[in-house]
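To start, the structure under review is shown below, and the notes come after it.
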């Protein structure tokens, strides 16, 4: 697992209080209408719909997309440059309807899938689907 956080020096505990900075926000697409996909056809549809939403956030909201990671199971994680608290709160409010896990938005201490690792439940390999070098 990996985290989008930059940690305070000497940190040994992954808590919000130990986050020094959060240059990235990771969106986790759990399932639209709160229903996680289970069949291969549902997973394909879910990933396609998630990618469309990522494109809308990138182009419509002008968020700077940095990476898209396949989790090795049923979903993707979209990494964006942190757009700031007002934008994060707005997305957090709309997240359930969009199929995004609202509890993770703006929570840099939360772990995400590291590309190149096997998913514990499915055995599927996580991998980078898209990568853009950020300008920080």
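Please verify whether residue 87 is within 11 Å of the chain's Cα centre (by Cα), at pLDDT 90 or above and crowded, with 18+ Cβ neighbours inside 10 Å, treating the condition exactly as stated. If you could, list the steps in order and put the result at the bottom.
Numbers: within 11 Å of the chain's Cα centre (by Cα): no; at pLDDT 90 or above: yes; crowded, with 18+ Cβ neighbours inside 10 Å: yes.
So residue 87 does not fit the description; no.
Tell me the residue from 58, 14 that is in a loop (DSSP other than H, G, I, E, B) and either more than 21 Å from residue 131 (Cα to Cα) or at pLDDT 95 or above (or both), please.
Residue meeting the stated conditions: 14.
Restricting to region 81-99, what's the tally of residues that are outside any strand (DSSP E or B) and under 24 Å from residue 7 (Cα atoms)? Write out each step before concluding.
So in region 81-99, the residues outside any strand (DSSP E or B) come out as 82-99.
Within this subset, residues satisfying the condition of being under 24 Å from residue 7 (Cα atoms) are 82-89, 92.
Count: 9.
Just wondering, is there one or more residues in region 100-122 that are within 14 Å of the chain's Cα centre (by Cα), part of a strand (DSSP E or B), surrounded by fewer than 13 Cβ atoms within 10 Å (Cβ to Cβ) and modelled with pLDDT of 90 or more? Even if it seems obvious, please write down each step before you answer.
Restricting attention to region 100-122, the residues satisfying the condition of being within 14 Å of the chain's Cα centre (by Cα) are 100-115.
Checking which are part of a strand (DSSP E or B) leaves us with 100, 112.
Those left that are additionally surrounded by fewer than 13 Cβ atoms within 10 Å (Cβ to Cβ): none.
The answer is no, given that none of the residues of region 100-122 is within 14 Å of the chain's Cα centre (by Cα), part of a strand (DSSP E or B), surrounded by fewer than 13 Cβ atoms within 10 Å (Cβ to Cβ) and modelled with pLDDT of 90 or more.
Only one of (1) under 20 Å from residue 19 (Cβ atoms); (2) touching a residue at least 40 places away in the same chain (Cβ under 8 Å) fails for residue 71. Which number is that?
Status for residue 71: all satisfied but (1).
Being free of Cβ contacts under 8 Å to residues at least 60 places away in the same chain, more than 15 Å from the chain's Cα centre (by Cα) and outside any loop (DSSP other than H, G, I, E, B) is the filter here; which residues of region 22-47 pass it?
From region 22-47, those free of Cβ contacts under 8 Å to residues at least 60 places away in the same chain are 35-47; that's our starting set.
Right, trim to more than 15 Å from the chain's Cα centre (by Cα) and you get 35-45.
Passing the criteria: 40, 41, 42, 43, 44, 45.
Quick one: would you say residue 33 is surrounded by fewer than 18 Cβ atoms within 10 Å (Cβ to Cβ), over 21 Å from residue 2 (Cβ atoms) and at pLDDT 90 or above?
Details: surrounded by fewer than 18 Cβ atoms within 10 Å (Cβ to Cβ): yes; over 21 Å from residue 2 (Cβ atoms): yes; at pLDDT 90 or above: no.
No.
Would a scan of region 38-54 turn up a residue that is touching a strand residue (DSSP E or B) at 6+ places or on another chain (Cβ under 6 Å), farther than 16 Å from residue 128 by Cα, at pLDDT 90 or above and surrounded by 20 or more Cβ atoms within 10 Å (Cβ to Cβ)?
Scanning region 38-54 turns up no residue that is touching a strand residue (DSSP E or B) at 6+ places or on another chain (Cβ under 6 Å), farther than 16 Å from residue 128 by Cα, at pLDDT 90 or above and surrounded by 20 or more Cβ atoms within 10 Å (Cβ to Cβ).
Look at region 61-80 and say how many of its residues are touching a strand residue (DSSP E or B) at 6+ places or on another chain (Cβ under 7 Å) and either surrounded by fewer than 16 Cβ atoms within 10 Å (Cβ to Cβ) or in a loop (DSSP other than H, G, I, E, B) (or both).
So in region 61-80, the residues touching a strand residue (DSSP E or B) at 6+ places or on another chain (Cβ under 7 Å) come out as 63-72, 75-80.
Narrowing the set further to residues that are either surrounded by fewer than 16 Cβ atoms within 10 Å (Cβ to Cβ) or in a loop (DSSP other than H, G, I, E, B) (or both) leaves 63-64, 71-72, 75.
Total satisfying the criteria: 5.
Identify the residue in region 123-135 that is surrounded by fewer than 12 Cβ atoms within 10 Å (Cβ to Cβ) and modelled with pLDDT under 85 and, among all such residues, is nearest to the chain's Cα centre (by Cα). Steps first, please.
Here is the first cut: in region 123-135, the ones surrounded by fewer than 12 Cβ atoms within 10 Å (Cβ to Cβ) are 123, 133, 135.
Okay, now just the ones that are also modelled with pLDDT under 85, so 133, 135.
Numbers: 133: 17, 135: 19 Å.
Checking each candidate, the answer is 133.
The values are calculated or read from the model by the stated rules, or taken from the named source; none is laboratory data. Given the structure is predicted, the values throughout are model-derived calculations rather than measurements. So basically every Cβ, Gly included, is an ideal-geometry build from the backbone, and we count neighbours across all protein chains shown.
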